[in-house]
Amino acid sequence: MASLRFILPTLVIVVLIGFLGYGLTRDPSVIPSALIGKPAPEFAVPRLHQPDQLFTQDQLKGQISVFNVWASWCVGCRTEHALVEEIALRSKATVYGLNYKDQRVDALAWLQRYGDPFAVSAYDASGDVGFEWGVAAVPETFIVDRSGIIRFKQVGPIDRQTLEEEILPLLVRLNGERQ
């Protein structure tokens, strides 16, 4: 009986260490999305610059779109911003923004300070649109094909490697597909 009281806790500890070790080898920016391969969620929110005009998921259709979720209070958004601008310059995709849980005045000042790569920024003050898109934390970036289907999701800031090895090649491939 004494050996069982020793073996059982030891076995539990070994299993827990194994799970922890496995978890530490995983890339935290790779979070599977249930939305990959599915239509972009429906939404209608005011535009950041023109609050009297709505931006909807229908505006993502008919073109290849990069949908970047950002906020002025987001440190990672500042880190990736130059690469989002680069996507707008180097690709044939239209880059849209979703300003998430932010103050309009802060978001507008941030874009004025750092540059505005977005064809349109939607304003999601409540976070409801981000919730529908499965946003866990900003920044997040989605690539949507011409049919309005989500083809890619990046959780966390885009880095140079992800831009060069995943995002730009996918945009080139999607641009070559005519539907």
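The values are calculated or read from the model by the stated rules, or taken from the named source; none is laboratory data. On a predicted model such as this, the values are computed, not experimentally measured, just so you know. Here the Cβ is made from the backbone with ideal geometry for all residues, glycine too, and neighbour counts use every protein chain on show. Just the protein is used for accessible areas: all its heavy atoms, side chains included, with ligands, DNA and RNA removed. Shrake-Rupley method; radii C 1.70, N 1.55, O 1.52, S 1.80 Å.
Taken together, the criteria place residue 164 among residues that are open to solvent by 50 Å² or more (accessible area, probe 1.4 Å), of a type in the set (Asp, Glu) and over 19 Å from residue 42 (Cβ atoms). Being under 15 Å from the mean Cα position of the chain (by Cα) and in a helix (DSSP H, G or I) holds for only one residue in 158, 87, 150, and it is 87.
Among the residues of the range 55-111, the ones that are of a type in the set (Phe, Trp, Tyr) and either open to solvent by 10 Å² or more (accessible area, probe 1.4 Å) or at pLDDT below 95 (or both) come to 4 in all. Among the conditions (1) closer than 17 Å to residue 133 by Cα; (2) within 13 Å of the chain's Cα centre (by Cα), the only one that residue 101 does not satisfy is (2).
When the test is whether a residue is closer than 12 Å to residue 66 by Cβ and not charged (D, E, K, R), residue 158 passes it. Which numbered condition trips up residue 18, out of (1) at pLDDT below 65; (2) of a type in the set (Gly, Ala, Ser); (3) not in a helix (DSSP H, G or I)? Unmet condition: (3).
Residues of the range 128-147 that are touching a strand residue (DSSP E or B) at 6+ places or on another chain (Cβ under 6 Å) and assigned to a loop (DSSP other than H, G, I, E, B): 135, 138, 139, 145.
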